[in-house]
Amino acid sequence: MKALQYRTIGAPPEVVTVPDPEPGPGQVLLKVTAAGVCHSDIAVMSWPAEGFPYELPLTLGHEGVGTVAALGAGVTGVSEGDAVAVYGPWGCGTCAKCAEGKENYCLRADELGIRPPGLGRPGSMAEYLLVDDPRHLVPLDGLDPVAAVPLTDAGLTPYHAIKRSLPKLVPGSTAVVIGTGGLGHVAIQLLRALSSARVVALDVSEDKLRLAREVGAHETVLSDAKAADAVRELTGGLGAEAVFDFVGAAPTVRIAGAVAAVEGDVSLVGIGGGALPVGFGLLPFEVSVSAPYWGSRSELTEVLALARSGAVSVHTETYSLDDAPLAYERLHEGKVNGRAVILPGA
Ligand SMILES: [Zn+2]
Ligand SMILES: [Zn+2]
């Protein structure tokens with residue numbers, strides 16, 4: 001089968017032919033219908049050889065949707081032909097966190113060498129994807145594969161971060177979204193669907209801010225040196241009850257801290273390597289800073305339900321598997337508005 005692989009440190013990913021995978025006991029083979037292109041893959045491909053955490057070559061793609069093509073021995077609960085989304089942050093399935101469905105925080109994944117597809121295990125940017133266990137499959141139940149696939153990360157990750165702060169997003173409150181790309185433009189819609197907060201969106205280009213307004217941001221602010229002051233002004237000097245930074249780089253993290261309200265939440269979601277020091281007098285009183293990761297199995301079910309209700313729609317542009325390297329190139333250049341989706345069957 002064809003697959004998009006990251007093969008050489010620092011080089012662009014390549015479309016190659018690899019053996020067709022076969023499901024072992026307990027595994028499910030999917031024919032991939034759609035795979036999402038995520039900015040974190042670009043971060044992975046910029047890491048140096050020293051300390052690189054995954055084996056190469058690596059088939060990319062940690063957002064995947066497909067139809068069940070074959071079942072390994074002993075698999076029950078799914079049937080050939082079922083249309084499903086893949087829950088990506090695989091865990092051991094039995095530790096205390098996994099028992100709660102929080103496989104994103106599995107306590108034993110590292111020790112057992114369990115990795116998500118596309119981030120250590122072969123990912124979804126291929127004609128077929130091996131899923132380690134049917135519990136990692138959620139029925140699409142009528143959702144369009146292209147519309148649904150970004151929800152498995154670009155939807156689930158902001159959903160998880162926002163859910164933590166929902167009690168603070170009461171009427172009259174403000175939520176700030178920094179970075180309105182793949183995750184951020186979904187975050188704006190989730191905030192509008194789940195809360196009555198006023199949503200202020202920040203990004204570096206007017207193009208991105210236009211999309212932010214289209215999907216529901218009440219206010220947009222160019223993310224420059226004056227951005228924090230502008231947000232303060234919009235909130236009567238008080239700041240935002242919840243701040244979600246989907247970039248996570250040093251300049252955006254600084255803005256995130258500078259726009260938080262007293263007792264506000266700051267969620268650093270992007271993996272840009274920025275850090276926000278916490279200490280007396282450094283931030284407004286009792287600001288809580290967290291760096292969440294992906295989301296739980298039950299939260300993925302909730303995000304898909306929200307999409308079925310029509311509350312969330314991801315802006316997508318589609319590419320064939322052969323053109324997948326181009327999708328990464330465009331994302332790297334900041335030219336993708338919303339989410340790029342690869343169609344391995346096209
Ligand atoms: Zn991602
Ligand atoms: Zn576990």
List the lysines whose Cα lies under 28 Å from the Cα of residue 163, skipping any in the same chain that are fewer than 8 positions away. 97, 102, 208
Using a probe of 1.4 angstrom, how much of the accessible area of the chain is carbon and sulfur, in percent? 54 percent
Return the Rg/Rh value of the range 156-290, two decimal places, where both radii are evaluated on C-alpha atoms and Rh is the Kirkwood radius. 0.92
Determine the alpha carbon to alpha carbon distance for each of 168/335; 168/226; 226/335 and list only those over 29 Å. 168/335
Once you have a ≥ b ≥ c as the square roots of the Cα gyration tensor eigenvalues for the range 1-151, tell me rounded if a/c is under 1.5, and otherwise prolate or oblate according to whether a/b is larger than b/c. oblate
Sum up the charges of everything whose Cβ sits under 9 Å from the Cβ of residue 58, counting Lys and Arg as +1 and Asp and Glu as -1, but leave residue 58 out. +1
Cut-off 19 Å, label point 7 angstrom out along Cα-to-Cβ of residue 47: give me the residues of the range 118-148 whose amide nitrogen falls inside. 118-125
Placing one identical point scatterer on every Cα of the chain and ignoring solvent, what is log10 I(q)/I(0) from the Debye formula at q = 0.10, 0.15 Å⁻¹? -0.58, -1.26
Can you tell me how much longer the chain between residue 286 and residue 317 gets when fully stretched, taken as 0.36 nm per residue apart minus their C-alpha distance, in nm with one decimal? 7.0 nm
Directionally averaged shadow of the range 30-86, computed from the convex hull of its alpha-carbon atoms, nm²: 5.2 nm²
I'd like to check one number: the per residue accessible area of the range 259-344, probe 1.4 Å, reported in Å² as a whole number. 46 Å²
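Using the heavy atoms of the protein chains alone and a 1.4 angstrom probe, what is the accessible area of the range 1-99 per residue in square angstrom?
Numbers: 4230 Å² over 99 residues.
Computed with neighbouring chains in place, this is 43 Å² per residue.
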Along the Cα→Cβ direction, 7 angstrom out, place labels at residue 293 and residue 96. What is the inter-label distance in nm? 1.7 nm
Classify the range 263-346 as rounded, prolate or oblate, taking a ≥ b ≥ c as the square roots of the eigenvalues of its Cα gyration tensor: rounded when a/c is under 1.5, otherwise prolate if a/b is larger than b/c and oblate if not. oblate
Here the gain from full extension of residue 305 to residue 205, 0.36 nm per residue of separation minus their alpha-carbon distance, amounts to 32.8 nm
Inter-probe distance in nm under a simple model that places probes 7 Å from Cα toward Cβ, at residue 80 and residue 214: 4.1 nm
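The values are calculated or read from the model by the stated rules, or taken from the named source; none is laboratory data. Quick caveat: nothing in here was measured; it's all calculated off a predicted structure. Neighbour counts are summed over all protein chains in view; Cβ atoms, including those assigned to glycine, are modelled from backbone coordinates with ideal geometry. SASA here: full protein model, heavy atoms, side chains in, ligands and nucleic acids out. Shrake-Rupley method; radii C 1.70, N 1.55, O 1.52, S 1.80 Å.
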